[in-house]
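To start, the structure under review is shown below, and the notes come after it.
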Amino acid sequence: MFYLSVLHAFLYFIPVLLAVAFLTLTERKIIGYVQLRKGPNVVGPYGLLQPIADGVKLFIKEPIKPASSNPWVFFFAPMLALILAFLLWMPVPIMDAFIELNFAVLFVLAISSLSVYSIMASGWSSNSKYALLGALRAVAQMVSYEVSLGLIILSLVCLVGGFNLSQFSCAQEDTVLLLSCWPLGIMWFVSTVAETNRSPFDLTEGESELVSGFNVEYSGGPFALFFLAEYANILFMNALSVVLFLSAHFTLLDMSFKVGILAGLYVWFRASYPRFRYDQLMHLAWKSFLPMSLGLLMLNFSLPLIFSGVGGNM
């Protein structure tokens, strides 16, 4: 029974790793064509084996540890980041969820909040002022946008009537929630871009001051683990966006197509938009998204009371 569980987990997470690998290739290709160049086209036909070559190169490279760093926390932080990125996928109903949870939405919010600790641990354990400053910026950014993400999810839970992700698919059999909740959908998508520290919200990687952010001291395998965790989180956020707002006809092919479109928007943002200033990033979170999401949450809470009152009067 134990071996079957291990095999099930292996078969569940291998497609995620393959999707991460080819997302990086697609991103480099699209950005290359946007900048009027070819992108990766040497390793394999049309450069299709470039992600495998990059992965092999990173994992056989000797990891360098700063002499003044905390060695245990330094090497544990990237492993924690990847483990949490994989745990997020467990309740997602891709054909069949790995685990069926009645409170899957709360599980997702809890695990995504824990990813803050891996970033903070990596910046602190590096014993570098640049890594620590990048980690502090990343933590502040993620905590800020988790507030709006949680309020948006609560608004959707009020409409759907449950915390199970499968209920969102059942609630969207006739039409997608994006049509009726498009303000929530727009705020959700922008918040996911900021939550994953992607351009134009990649303030943790301001090259002029932070070099590469919280992972500036990492190389080789530990850096590859952070890289895999980042892109796995991007794909997960896109998959969760599809489940919450776009799952009218929920099949694996339909979900893959919609996740691919959202991932393409991430790449388009990176190729097109300049980086925000940090004060603009925080202003958007606390002075724009927070009041709007709170107002829509109060509206969604009051709708059942309003309609029940109307029905009672009639």
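Just so it is clear, none of the values below were taken in a lab; they were calculated from the coordinates. Remember, predicted model here, so these are calculated numbers, not experimental data. Because the Cβ atoms are built from the backbone with ideal geometry, glycine has one as well, and the counts that use them run over all protein chains shown.
Its relative contact order, with pairs defined as Cα atoms under 8 Å and 6+ residues apart, puts the chain at 24 percent.
Can you give the helix-only mean residue ellipticity at 222 nm for the chain, where every DSSP H stretch with n ≥ 4 adds -39500 (n - 2.57) and the sum goes over all residues, rounded to the nearest 500 deg cm²/dmol? Numbers along the way, then the final one.
On the way: 13 runs with 217 residues, N = 314.
Taking each H run of at least 4 residues, the total per residue is -23000 deg cm²/dmol.
Between V92 and F98, the built amide H atoms are under 5 Å apart, and every one of these is 5 or more places off in sequence or on another chain. Note on S180 and L252: the model spin-label points, each 7 Å out from Cα along the C-beta direction, lie 3.1 nm apart. Of the complete DSSP H runs in the chain, those spanning 18 angstrom or more by Cα along the long axis with a mean Kyte-Doolittle score not below -1.0 are 2-34, 71-87, 104-125, 129-160, 182-195, 220-241, 252-272, 290-313.
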